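Notes follow once the structure below has been shown.
The values are calculated or read from the model by the stated rules, or taken from the named source; none is laboratory data. What you see is a predicted model, and the numbers here were worked out from it, not measured in a lab. Heads up, the Cβs are rebuilt from the backbone with ideal geometry, glycines too, and the neighbour counts pull from every protein chain shown.
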Amino acid sequence: MPWEEKPAGCIDPVWRFSKNPIIGRHAVACANSVFNSAVVPFQGVFAGVFRVDDRARNMRLHAGRSANGIDWKIENDPIEWIVPDGVEPPEYGYDPRVCRIGESYYVSWCSGFRGPAVALGKTSDFERFEMIENAMLPFNRNGVLFPKKIKDDYLLLSRPSDPGHTPFGEIFISRSRNLTDWGRHRFVMSGTQPWESTKIGAGPIPIETTAGWLLFYHGVLTSCNGFVYHFGAALLDANEPWKLLKRTRRYLLSPQAEYECIGDVPNVVFPCAALADSETGRIAVYYGAADTVVCLAFTTLGDVLDWMD
Ligand code: BMA
């Protein structure tokens, strides 16, 4: 996985890749911008699903491949979802997450279903993508699956919202036996600190650790100039992940680099994927910056846990 050591003298728990952004706004010919995107290890290399806003400002998902997780070849054409009979096809798609469960790669995304809702689909090869169902009613965003079943249930985090830019938001969890019928909803967490006081939403697929599930999430503050998107992390109970064990009182990363402060939407860091190495504890976080480009930041499990204490 991509990795860069913490710079000498750095006191921050998360540090940016020196070659950010890794994907520029015109990485795809049709693109106005490429940001909030998800990657996974795939057959010895890496694959991903990318948010590409085109030059008509349609929001679409595109598949991509990479040998090293840094240099990406993104398809010029959007994913064409195979939609089962009777299922509302996506009017648009954005903010994907990709979750491996067994041999399948599940994509959750914010889908146009008479307004933003959480849709689920799957692929085994990043070429053929089948939609499963709209998992959540509108209005809901930031659908994030867990990478394994717990007590026979698939688990999905989500963030009920409104049809617009949503000045509120807390994380909930829902359970399902078949990835189609979701229920037994539980509240997980809300923002408590100023940096996350407007709303929060789950980010990358939770990472299983011996201390519980490590969840990176975005937290939004409303300033005189509008929303500011940071990210932090929480630790959720291993068996009952609606139970919050710990969280970062201070953010892990806030928009401070120029490419995070200047772009189509200034002051946004929005994590959608993380790669983790269990032997070393290394974590690489992929995040969208300023709704314009894709960036990488690094941390370790130890750094994040220390920041929670
Ligand atoms: C959210 C989503 C994200 C975006 C963020 C900041 O509501 O639309 O895709 O990064 O706003 O604009």
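On inspection, R128 does not qualify as within 16 Å of the ligand (Cβ to nearest atom) and not aliphatic (A, V, I, L, M).
When both residues are 6+ apart or on different chains and their Cβ atoms are under 8 Å apart, which pairs have a first residue that lies in segment 141-169 and is free of Cβ contacts under 8 Å to residues at least 60 places away in the same chain, and a second that is in a loop (DSSP other than H, G, I, E, B) and acidic (D, E)? That search, which allows pairs on different chains as well, returns R159/E170; P160/E170; F168/D162. The residue list F168, F227, F187, F216 contains one member that is under 24 Å from T299 (Cα atoms) and at pLDDT 95 or above, which is F216. Based on this model, can you work out whether R25 counts as within 16 Å of the ligand (Cβ to nearest atom) and surrounded by fewer than 24 Cβ atoms within 10 Å (Cβ to Cβ)? It is true that R25 is within 16 Å of the ligand (Cβ to nearest atom) and surrounded by fewer than 24 Cβ atoms within 10 Å (Cβ to Cβ). The set of residues in segment 131-158 being buried (at least 19 other Cβ atoms within 10 Å of the Cβ), away from the ligand (no atom under 16 Å from the Cβ) and assigned to a loop (DSSP other than H, G, I, E, B) consists of A135, F146. Take residues that are in contact with a Pro (Cβ under 6 Å, 6 or more places away or on another chain) and buried (at least 21 other Cβ atoms within 10 Å of the Cβ) and tell me which of the strands (runs of 3 or more DSSP E) falling wholly in segment 210-289 contain 2 or more. Answer list for segment 210-289: 212-223, 269-276, 282-289.
Checked against the criterion of being away from the ligand (no atom under 15 Å from the Cβ) and out of contact with any helix residue (DSSP H, G or I) (no Cβ under 8 Å at 6 or more places or on another chain), the candidates A257, A211 yield just one match: A257.
The rows are residues; the columns are (1) more than 16 Å from the ligand (Cβ to nearest atom); (2) surrounded by 15 or more Cβ atoms within 10 Å (Cβ to Cβ); (3) within 22 Å of Y217 (Cα to Cα).
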| site | (1), (2), (3) |
| --- | --- |
| A56 | yes, no, no |
| H62 | no, yes, no |
| A67 | yes, no, no |
| W72 | yes, yes, no |
| P90 | no, yes, no |
| E103 | yes, no, no |
| R114 | yes, no, no |
| A119 | no, yes, yes |
| S124 | yes, no, no |
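Against the conditions (1) among the β-branched types (V, I, T); (2) over 15 Å from the mean Cα position of the chain (by Cα); (3) more than 16 Å from the ligand (Cβ to nearest atom); (4) closer than 29 Å to A297 by Cα, T198 satisfies every one except (3). Considering F187, F168, the condition of being assigned to a strand (DSSP E or B), aromatic (F, W, Y), exposed (fewer than 15 other Cβ atoms within 10 Å of the Cβ) and at negative phi is satisfied by F187 alone.
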